[in-house]
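Novice: Please find one structure pasted underneath; my questions will follow.
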Amino acid sequence: MDAGYATHGKQIGQTGKVVNPKLYIACGVSGAIQHLVGMRTSKVIVAINKDPNAPIFQTADYGIVGDLFEVVPRLTEEAKKLLHA
């Protein structure tokens, strides 16, 4: 479902852009088929979603069940520690 966070030109999926990064982190993305079309060829897919049954987890290489507003700041902290080590 489109929550209105980005214009269609900036959205990934069937009606937007197709991306193929080495790492794709899907934060709060349910995994609607329209979105999967635009990102499924990414090399590594990490999904963060509070719904353990979200379809995105079927496509993801790694999944984190949790609220993105709690998970992302923690991941950012850990990444900063690794970069400064």
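The values are calculated or read from the model by the stated rules, or taken from the named source; none is laboratory data. Computed from a predicted model, the values in this text were never measured in an experiment. Glycine gets a Cβ as well: all are built from the backbone with ideal geometry, and neighbour counts include every protein chain shown. Note: areas computed on protein heavy atoms with side chains; ligands, DNA, RNA excluded. Shrake-Rupley method; radii C 1.70, N 1.55, O 1.52, S 1.80 Å.
Novice: So which residues in the range 26-85 are among the hydroxyl-bearing types (Ser, Thr, Tyr), without any contact (Cβ under 8 Å) to a residue 24 or more places away in the chain and part of a helix (DSSP H, G or I), if there are any at all?
Specialist: To start, the set of residues in the range 26-85 that are among the hydroxyl-bearing types (Ser, Thr, Tyr) comprises 30, 41-42, 59, 62, 76.
Pick out the ones that are also without any contact (Cβ under 8 Å) to a residue 24 or more places away in the chain and you get 41-42, 62, 76.
Result: Thr76, single match.
Novice: Contact list please: Cβ distance under 8 Å, first residue in the range 9-22 and more than 13 Å from Thr41 (Cα to Cα), second residue assigned to a loop (DSSP other than H, G, I, E, B), pairs at least six apart or on different chains.
Specialist: Every condition considered, the pairs that remain are Gly9/Gly16; Lys10/Gly16; Gln11/Asp2.
Novice: Right, next: Working only within the range 53-66, note down all residues that are over 22 Å from Pro21 (Cβ atoms) and either modelled with pLDDT under 95 or open to solvent by less than 50 Å² (accessible area, probe 1.4 Å) (or both).
Specialist: Going residue by residue through the range 53-66, those that are over 22 Å from Pro21 (Cβ atoms) are 53, 65-66.
Selection gives Gly66 alone.
Novice: Just to be sure I understand, how many residues within the range 29-52 are within 21 Å of Ile12 (Cα to Cα) and loosely packed, with under 12 Cβ neighbours inside 10 Å? Walk me through it before giving the result.
Specialist: We begin by selecting, within the range 29-52, every residue within 21 Å of Ile12 (Cα to Cα); these are 29-51.
Those still in the list that are loosely packed, with under 12 Cβ neighbours inside 10 Å too: 33, 43.
Count: 2.
Novice: Condition first: more than 14 Å from the chain's Cα centre (by Cα) and among the aliphatic types (A, V, I, L, M). Can you find one or more residues in the range 58-79 that meet it?
Specialist: Step one: of the range 58-79, the residues more than 14 Å from the chain's Cα centre (by Cα) are 70, 73-74, 76-79.
Going one step further and asking which of them are among the aliphatic types (A, V, I, L, M), we end up with 79.
Scanning the range 58-79 turns up at least one residue that is more than 14 Å from the chain's Cα centre (by Cα) and among the aliphatic types (A, V, I, L, M).
Novice: Output yes when any residue across the range 1-13 is modelled with pLDDT of 85 or more and among the hydrophobic types (A, V, I, L, M, F, W, C), and no when none is. Lay out the reasoning, then the answer.
Specialist: Of all residues in the range 1-13, those modelled with pLDDT of 85 or more come to none.
No: the range 1-13 contains no residue that is modelled with pLDDT of 85 or more and among the hydrophobic types (A, V, I, L, M, F, W, C).
Novice: Give just the number: which of (1) out of contact with any Gly (no Cβ under 9 Å at 6 or more places or on another chain); (2) of a type in the set (Lys, Arg); (3) closer than 19 Å to Val65 by Cβ does Lys22 not satisfy?
Specialist: Looking at each condition in turn, Lys22 falls short on (3).
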